[in-house]
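A.B. asks: Sharing a structure, written as C-alpha cells. Questions coming.
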Amino acid sequence: MILLISSQGQNLESPIEHRFGRSPWLIKYDTETKENQALPNPGGRQSGGAGVAAAQFVIDQAADVVISGDFGPNAANALRAADVKMYLFDGNLNNVDDVIDTFLEGKLPAF
Amino acid sequence: MNMKIAVASGKGGTGKTMVATSLALSLIETNQVKLLDCDVEAPNAHLFLHPTFTQEIPAVIRIPKIDPERCTLCGQCVEVCQFHALAKVGKTIMVFPQLCHGCGSCTWNCPEGAIEEIPNPIGVIEKGTTISGIDFTHGKLTLSEPMATPIIRQLKKLEKSSNGTITVIDSPPGASCSVVETVRGVDFVILVTEPTPFGLHDLKQMLGILEDMRIRYGVVINREGIGNAELDRYLEQKGIPILMRIPFDKEIARGIAAGKPLVVIDPNYHEKFKDMYQKINQIIDKSDGRS
Ligand code: SF4
Ligand code: SF4
C-alpha cells in the first residue's frame, strides 16, 4: 500500500503539515518495502487551485491513501473519484513517523 | 474628447468610493458622466448613488466540456491549465468550474478537438441611471472564487462612451491583477490614501504598477490629521501631485457610514472636486506637451 503524508520537511522525523494543497512536501511511504521518499508538492507554490494540483500529484503517484490535516472540496472530489482514501491527522501527532504508525494501527480518522 | 479616470487605492477602506461617487456627482452638473464600479468583489458605489437599474446582463466565462468519445486521456489539457481547474482521474478528465478562468488554453491545446466550450455564469452586470443623471454600471461576482478579471474585462468592454463623456471608474482595492485590468487604458488614476505608514506602503505598490503601465496619476489624501507627515514628504520628494486633502472629520465619517456622498455631507466639496478635475486636465495637458 502506498501512503502519502503532507509534511513540512523531507524525512520521517519531519513535522507534519496540516494544509494539504499548500504542503511543501509529501512523504511517500510504501508499507510493503518500508521505503520512503520525499516529494515536493507541486501545489505548494501555486496561487489558485493548489488543492487540485496536489490531488492530481497524489493520484499520479498511484497512492492508495493520503493523510493530511484537511482537504478542500475540489481536492476531495478529485481524490474520491480516483478512489484514493483520505485520512486526517489526530491532534496528538507531531511527525510523519508517528502518523504512519498510528495509521497502521488503524487509529486515524477517515475524512 | 472622452475622459476616463479610475479611482484606486492601495488597500480597502481608504475612501476610494467616497471620492469616485462625489467626483461623479460634482461633474454631472456640467458634463455627461458615467460611473463604472469595477470593485466586483464588493461593489458599493450604488449605496451612495442609488441608481435605478434597468438592465441586467449575465457575466459569463467559457469553460471546457470534454467529449469522452474523442478524449484519449493524453493529459495535455491538465498540463496547460495554470489554474488547476482540470484533473485526470482514472478514465476521465474532471473539470472544476469554480477554478476555471475561461482562458481557453485547454481547448487550444487539445490534440483531439475533444473540448467544447460552454458558458458558465460568474456574475451579473447591472446598468441604470441615478436621479442626477449619472449613467451607472457595476458588476457583481457571484462565485466564491475570486475571479474578478474576466467580469471587469466584460464590464469595460460594454462601455462605449459617446463623445465628451467623463467616465469615473471605482477600482478594486489593493495591488492585484484586477486593478491592472481596471486601470488599463484609462487617462488618469486618482490614488486615495491615508497619511499612515501602512497607507504609504500600499501606495508605493500601486505607484509601481502605474509607473510600469505608464499611466498618469495623482494622490488624494484622506483622513488628513491622523498619522504623520511621512506621506507628504514622500510625495513632495517624488514630485507626485496632491489633488485634494480631505481632513479627518467626525461629521464626514458619520455621513459616509450612513451612505451619504461627501458632496451631500458638505456641499463645499462640489467646487473642490471640480477644481480637482481641472487639475487633472492640467496634469494631462502638461505631460502631453500641450501646455
Ligand atoms: S479554460 Fe483555462 S482555466 Fe479553464 S480549464 Fe481550460 S485551461 Fe484551465
Ligand atoms: S487534451 Fe483533449 S484528448 Fe487530451 S486529455 Fe485533454 S481533452 Fe482529452
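The values are calculated or read from the model by the stated rules, or taken from the named source; none is laboratory data. From a predicted model like this one, the values you see are computed outputs, not experimental measurements. Cβ coordinates were reconstructed from backbone atoms using ideal geometry, including for glycine residues, and neighbour counts include every protein chain displayed. In case anyone asks, the SASA skips ligands and DNA or RNA and just uses the protein heavy atoms, side chains included. Shrake-Rupley method; radii C 1.70, N 1.55, O 1.52, S 1.80 Å.
A.B. asks: How do B:245, B:216 stack up against each other in accessible area, from largest to smallest, with a 1.4 angstrom probe?
C.D. replies: Sorted by accessible area, descending: B:245, B:216.
A.B. asks: Restricting attention to chain B, give the cysteines that have no other cysteine Cβ less than 4.7 angstrom from their Cβ.
C.D. replies: By the Cβ distance rule, which asks for a partner under 4.7 Å, the isolated cysteines are B:38, B:71, B:74, B:81, B:100, B:103, B:110, B:177.
A.B. asks: OK, next. Pick out, from B:268, B:196, B:54, the residue whose Cα sits farthest towards the positive end of the charge dipole of the protein assembly as shown, with +1 on the Cβ of Lys and Arg and -1 on the Cβ of Asp and Glu.
C.D. replies: Final value for the positive-end residue is B:268.
A.B. asks: Oh, and also: Counting other Cβ atoms within 10 Å of each Cβ, which trypsin sites (Lys or Arg not before Pro) in segment B:7-70 have at most 14 and sit in a DSSP loop?
C.D. replies: When the trypsin sites (Lys or Arg not before Pro) of segment B:7-70 are filtered for loop state and at most 14 Cβ neighbours within 10 Å, B:70 remain.
A.B. asks: Going from the alpha-carbon gyration tensor of the protein assembly as shown, what semi-axes, largest first and in whole Å, does one get by taking the root of 5 times each eigenvalue?
C.D. replies: Working from the Cα gyration tensor, I get semi-axes of 50, 26, 18 Å.
A.B. asks: Placing +1 on the Cβ of each Lys and Arg and -1 on the Cβ of each Asp and Glu in segment A:2-104, which of A:50, A:99, A:12 has its Cα farthest towards the positive end of the resulting dipole?
C.D. replies: Of the options given, the answer is A:50.
A.B. asks: Once the whole set of protein chains is in place, how much accessible area is left on residue B:56, using a 1.4 Å probe, in Å² to the nearest 10?
C.D. replies: Here the accessible area works out near 130 Å².
A.B. asks: In addition: Kindly provide log₁₀ I(q)/I(0) values, in the same order as q = 0.09, 0.12 Å⁻¹, from the Debye equation applied to equal alpha-carbon scatterers of chain B.
C.D. replies: Debye curve over Cα of chain B, log10 I(q)/I(0) at q = 0.09, 0.12 Å⁻¹: -0.50, -0.79.
A.B. asks: Give me a single rounded figure for A:51-58: the average over its residues of other chain Cβ atoms within 10 Å of their Cβ.
C.D. replies: Taking all residues of A:51-58 together, the mean is 4.
A.B. asks: Across the residues of B:85-95, average count of Cβ atoms on other protein chains within 10 Å?
C.D. replies: Per-residue shielding by partner chains comes out at 5.
A.B. asks: Now a separate question. For segment B:61-121, just list the percent of Cα-Cα distances falling in each 5 Å bin from zero outward, please.
C.D. replies: 4, 22, 35, 26, 11, 1
A.B. asks: Give or take rounding to whole Å, what are the principal axis extents of the alpha carbon atoms in segment B:171-291, in descending order?
C.D. replies: 39, 31, 29
A.B. asks: Taking the Cα centre of the protein assembly as shown as origin, work out the dipole magnitude from +1 charges on Lys and Arg Cβ and -1 charges on Asp and Glu Cβ, in debye rounded to 20.
C.D. replies: The dipole magnitude comes to about 1320 debye.
A.B. asks: Here is a further query. Which lysines, on any chain, are close to residue B:279 with Cα under 26 Å apart, when same-chain ones fewer than 8 places away are left out?
C.D. replies: The qualifying lysines are B:4, B:11, B:16, B:34, B:156, B:160, B:204, B:238, B:260.
A.B. asks: Taking 0.36 nm per residue of separation and subtracting the Cα-Cα distance, what length does fully extending residue B:31 through residue B:118 add?
C.D. replies: Stretched fully, the residue B:31-residue B:118 segment lengthens by 27.2 nm.
A.B. asks: Now for a separate question. Can you list the residues, at least 5 places off or on another chain, whose amide H is less than 5 Å from the amide H of residue B:170, using H built in the peptide plane?
C.D. replies: Placed amide hydrogens put B:7, B:36, B:37, B:38 under 5 Å from residue B:170.
A.B. asks: Let me ask something additional. So how far, in whole Å, is the C-alpha centre of segment B:103-127 from the one of segment B:236-286?
C.D. replies: Taking the Cα centre of each part, segment B:103-127 and segment B:236-286 sit 42 Å apart.
A.B. asks: Let me ask something else about it. Using every pair of alpha-carbon atoms in chain A, split the distances into 10 Å bins beginning at 0 and state the percent of pairs per bin, rounded to integers.
C.D. replies: It works out to 17, 55, 27, 1, in whole percents.
A.B. asks: If you don't mind, there's one more thing I want to ask. If you scale each eigenvalue of the Cα gyration tensor by 5 and take the root, what three semi-axes come out for segment A:53-111, rounded to whole angstrom and sorted largest first?
C.D. replies: 20, 11, 10
A.B. asks: Taking the Cα centre of segment A:2-104 as origin, work out the dipole magnitude from +1 charges on Lys and Arg Cβ and -1 charges on Asp and Glu Cβ, in debye rounded to 20.
C.D. replies: 480
A.B. asks: What does the accessible area of residue A:88 come to, in Å² to the nearest 10, when a probe of 1.4 Å is used?
C.D. replies: Surface accessible to solvent at residue A:88 totals approximately 40 Å².
A.B. asks: Kirkwood hydrodynamic radius of segment B:1-91 from all distinct Cα pairs, in Å?
C.D. replies: When all Cα pairs of segment B:1-91 are included, the Kirkwood radius is 17.8 Å.
A.B. asks: Please work out the FRET efficiency for the pair residue A:80 and residue A:2, using the Cβ-Cβ distance as r and a Förster radius of 25 Å; give the result to the nearest 0.05.
C.D. replies: The value I calculate is 0.90.
A.B. asks: Could you give me the ³J(HN,Hα) list for segment B:263-278, computed from phi with Karplus coefficients 6.51, -1.76, 1.60 and θ = phi - 60°, whole Hz, x at Gly and Pro?
C.D. replies: Coupling constants for segment B:263-278: 5, 8, 5, 9, x, 4, 5, 3, 5, 4, 6, 5, 4, 4, 4, 4 Hz.
A.B. asks: Quote the relative contact order of segment B:183-291 in percent (integer), defining contacts as alpha-carbon pairs under 8 Å separated by 6+ residues.
C.D. replies: 24 percent.
A.B. asks: To the nearest 20 Debye, how big is the dipole of segment B:1-91 about its Cα centre, given +1 on the beta carbon of each Lys and Arg and -1 on that of each Asp and Glu?
C.D. replies: Approximately 260 debye in magnitude.
A.B. asks: Tell me the label-point distance for the pair residue B:142, residue B:275, using the 7 Å Cα-to-Cβ offset, in nm and rounded to one decimal.
C.D. replies: Output for this residue pair reads 4.6 nm.
A.B. asks: Per residue of A:77-89, how many C-beta atoms from partner chains lie within 10 Å of its own C-beta, taken as a mean?
C.D. replies: Whole-number average of other-chain Cβ neighbours for A:77-89 is 2.
A.B. asks: Longer than 23 Å from Cα to Cα, which of B:157/B:272; A:28/A:107; B:65/B:127 are they? Say none if no pair is.
C.D. replies: Violating the 23 Å limit, Cα to Cα: B:157/B:272; B:65/B:127.
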